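Working notes, structure below.
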Amino acid sequence: MTAPLLSVKNLTIDYIGEEKDFRAVDDVSFDVAPGEVFGLAGESGCGKSTIAFAISRLHKPPALIRRESTILLNGRNVLDLDDKGLRDFRWREVAMVFQSAMNSLNPVLRIEQQFYDVLKTHKGMSRAQARDRTAEMLKLVDIAPDRMRDYPHQFSGGMRQRIVIAICLALDPRLVVMDEPTTALDVVVQREILQRINELRRSLGFAVLFITHDLGLMVQFCDRIGIMLAGKLVEQNTAEATYGSPQHDYTKQLWASFPSLHGGVLL
Amino acid sequence: MTGQPTPILALDRVTKTFGHGPGAVHAARSISFSLHAGRALALVGESGSGKTTCARMAMREYMPTEGKILFKGEPVDRASPTETARYRRAVQMIFQDPFASLNPAHTIAYHLKRPLLLHRPDIKRAEIDATVRALLQQVKLDPDIVTPKYPHELSGGQRQRVNIARALAAKPEVIVADEPTSMLDVSVRLGVLNLLSEMKQQMKLGLLYITHDIATARYVAEDIAVMYAGQIVEWGNVGKVIDNPAHPYTKLLLSAVPDPDIRFDDPSVRLRPEDAEEIRRKSALTQDKIVEVDTDHFVRAA
């Protein structure tokens, strides 16, 4: 295996409470190789989103990352970055797509303006340059570039989600963190979007940290999968192995809770 | 459907239009389905396909623009106030969001006593507490622990069980469950679905199960109706429709269901967005012709 792009080591995160602390992430270590799709699966409250936030350093008090933790991106410890370093790092190196990302567009700004905000802040682009880049990015996600003059409400939910993904990719990040990117969408749109992301990561070479609770979807999309239970990473394996020969009891239980389309439950 | 007893609840060519003129939205177009005692019908479709509009018409929350709703063979629009009250008791709903559908200011006991006091004059005051306990036991919650609690002290799955108990308290004949598990964790989802199936069989309920997850539809229901853009495009026996889909939209929907045996990297299974767009465009047109594919399996065609 080549040198990992992202290397999370002994990550431990507590939510500091008045009486006692709650350990949300407990000694989690995993690597993501360049261009790889790594999945984190688990129930709500298992700490998967907390990890996603920590990687972009978006966690806020009362979340506290314990001292022994390291998050290395291209060999640099994200947890040591100062404010300026952090500004350069976010979006350029790690971009994030949130759960209800389609609602994170500003409703009173045209799509073009929302791209321009990012491109000007992070790359100092002019209006004309930003417009060219916007057209290029929209084409990537199958949206006609002439619609950049439209407002978010003029697009469907699936299209808005694709626009958010296009904005995310506009600065050529090396890693895209996707926290349940398609949960609010129906299956056909979900398939269209993830299929497109899969093609894009093959052509552009970015890695994806993909978070969801849908194991079936995860096996379709990911190269490797980590299963989380109560803050711990209990199993880490290739997608085929997670599906074909799950090791941990919890993984087996998780599979047994998905009804199969062909009757009965999976496994 | 001939040869079957009169359904408890039936929608007969029901149409619902919101607004008027060129901006009118046809949320439901010529919808017909029936609910039978001890059987579940799954209404499947994407968001915006009109599933919830159908549920609301079944709950008589919306009056249909056209068509009839029949309760035990009688049209409900001519019902007297007494009959309407009977309908309100007999048709109960379970909502999608277990966090929003219980009153945060009241205990679980209160939530279950209210329907008993309102809808069940046959139960004496002294027996109410015992009935609340029995209801909670029925949904596999421990009455000693749960009754004094407030909704925020329960998990999503527990709350959804309370919602089921609340619906059962009115001794319904039909339960309309609108995405009852879509906000629950995967590990508790099956438990709630199993509970619904059990209740359906034991109490001979007619269940209308609304979902976007076609795999759970197969798990819960005997019959299925696939909706798109306000029309039921294909319906019939759940196994027949899923194993042998005839309508292009049903095929599209089934091909997109997450299946761990299919990898996105495999070019032969690639879903072409332009094909999907074409199917959507065609399926949105009014399709009047009904074709019988098989016994108990029907499809609409242009």
Note to self: Taking the criterion of being surrounded by fewer than 20 Cβ atoms within 10 Å (Cβ to Cβ), at positive phi and either within 18 Å of the chain's Cα centre (by Cα) or of a type outside the set (K, R) (or both), would at least one residue in segment A:133-147 satisfy it?
What the structure shows: yes
Notebook entry, point to check: Within the group B:D275, B:D265, B:D243, which residue is at pLDDT below 85 and surrounded by fewer than 16 Cβ atoms within 10 Å (Cβ to Cβ)?
Noted result: B:D265
Margin query: I need the full set of residues from segment A:225-260 which are touching a Gly at 6+ places or on another chain (Cβ under 7 Å), more than 12 Å from chain B (Cβ to nearest Cβ) and open to solvent by 20 Å² or more (accessible area, probe 1.4 Å), in order please.
Written below: A:L233, A:Q236
Next item on the list: Filter segment A:79-110 down to residues that are assigned to a helix (DSSP H, G or I), among the aliphatic types (A, V, I, L, M) and under 30 Å from A:L185 (Cβ atoms) and give me whichever is least open to solvent (accessible area, probe 1.4 Å).
Entry: A:A101
Checklist line | Filter result for A:K139 (within 14 Å of chain B (Cβ to nearest Cβ) and in a helix (DSSP H, G or I)) | finding: yes
Next item on the list: Quickly run through segment A:34-76 and pick out the residues that are part of a strand (DSSP E or B) and either small (G, A, S) or within 24 Å of A:Q220 (Cα to Cα) (or both).
Entry: A:V37, A:F38, A:G39, A:L40, A:A41, A:A63
Next item on the list: Could you please find all residues in segment A:145-163 being at pLDDT below 90 and part of a loop (DSSP other than H, G, I, E, B)?
Entry: A:F155, A:S156
Notebook entry, point to check: Applying the selection to segment B:23-66, what residues are in a loop (DSSP other than H, G, I, E, B) and open to solvent by 60 Å² or more (accessible area, probe 1.4 Å)?
Noted result: B:R39, B:S47, B:G48, B:E61, B:M63, B:T65
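Yes/no per residue for (1) under 16 Å from A:L215 (Cα atoms); (2) within 15 Å of the chain's Cα centre (by Cα); (3) among the acidic types (D, E):
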residue: A:K20; (1), (2), (3): no, no, no
residue: A:D27; (1), (2), (3): no, no, yes
residue: A:P34; (1), (2), (3): no, yes, no
residue: A:G47; (1), (2), (3): no, yes, no
residue: A:A54; (1), (2), (3): no, yes, no
Check: Which ones in segment B:67-77 are assigned to a loop (DSSP other than H, G, I, E, B) and touching an Asp or Glu at 6+ places or on another chain (Cβ under 9 Å)?
Finding: B:K72
Note to self: If A:L266 meets every condition in (1) at pLDDT 85 or above; (2) on the phi < 0 side of the Ramachandran plot apart from one, which number is that one?
What the structure shows: (1)
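Kindly provide the set of residues from segment B:285-302 that are of a type in the set (G, A, S) and open to solvent by 40 Å² or more (accessible area, probe 1.4 Å), ordered by number.
Quick first cut of segment B:285-302, residues of a type in the set (G, A, S) only: B:301-302.
Scanning segment B:285-302 gives a single hit, B:A302.
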Check: With (1) within 20 Å of B:G157 (Cβ to Cβ); (2) modelled with pLDDT of 90 or more; (3) exposed (fewer than 13 other Cβ atoms within 10 Å of the Cβ) as the list, and B:A100 as the residue in question, which single condition is left unmet?
Finding: (2)
Notebook entry, point to check: Quick check: is even one residue across segment A:198-209 closer than 18 Å to A:A95 by Cα, of a type in the set (F, W, Y), away from every other protein chain (no Cβ under 13 Å) and not in a helix (DSSP H, G or I)?
Noted result: yes
Item checked: Out of A:V208, A:V188, A:V219, A:V176, sole residue that is of a type outside the set (F, W, Y), touching a Pro at 6+ places or on another chain (Cβ under 6 Å) and open to solvent by less than 20 Å² (accessible area, probe 1.4 Å) -> A:V219
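Given the residues B:T181, B:T147, which is the only one that is modelled with pLDDT under 90 and open to solvent by less than 60 Å² (accessible area, probe 1.4 Å)?
Working: B:T147 fails: modelled with pLDDT under 90.
Answer to the check: B:T181.
Give the residues of segment B:103-126 that are in a helix (DSSP H, G or I) and open to solvent by less than 40 Å² (accessible area, probe 1.4 Å), sorted by residue number. Spell out how you get there, then give the answer.
Filtering segment B:103-126 down to residues in a helix (DSSP H, G or I) leaves B:108-119, B:125-126.
B:I108, B:A109, B:H111, B:L112, B:P115, B:L116, listed by residue number.
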Notebook entry, point to check: What is the residue count in segment B:255-300 for residues that are within 7 Å of chain A (Cβ to nearest Cβ), closer than 24 Å to B:G239 by Cβ and assigned to a helix (DSSP H, G or I)?
Noted result: 1
Notebook entry, point to check: Where residues in segment B:184-228 are outside any helix (DSSP H, G or I), surrounded by fewer than 20 Cβ atoms within 10 Å (Cβ to Cβ) and modelled with pLDDT of 90 or more, which of them is nearest to the other protein chains (Cβ to nearest Cβ)?
Noted result: B:E222
Item checked: Residues located in segment A:41-77, provided they are within 14 Å of another protein chain (Cβ to nearest Cβ) and open to solvent by 20 Å² or more (accessible area, probe 1.4 Å) -> A:E43, A:S44, A:G45, A:S49
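The values are calculated or read from the model by the stated rules, or taken from the named source; none is laboratory data. Everything quoted here is computed from the prediction, not taken from an experiment. Note that we place each Cβ from the backbone using ideal geometry, even for glycine, and neighbour counts take in every protein chain shown. Calculation scope for accessible area: heavy atoms of the full protein, side chains included, ligands and nucleic acids excluded. Shrake-Rupley method; radii C 1.70, N 1.55, O 1.52, S 1.80 Å.
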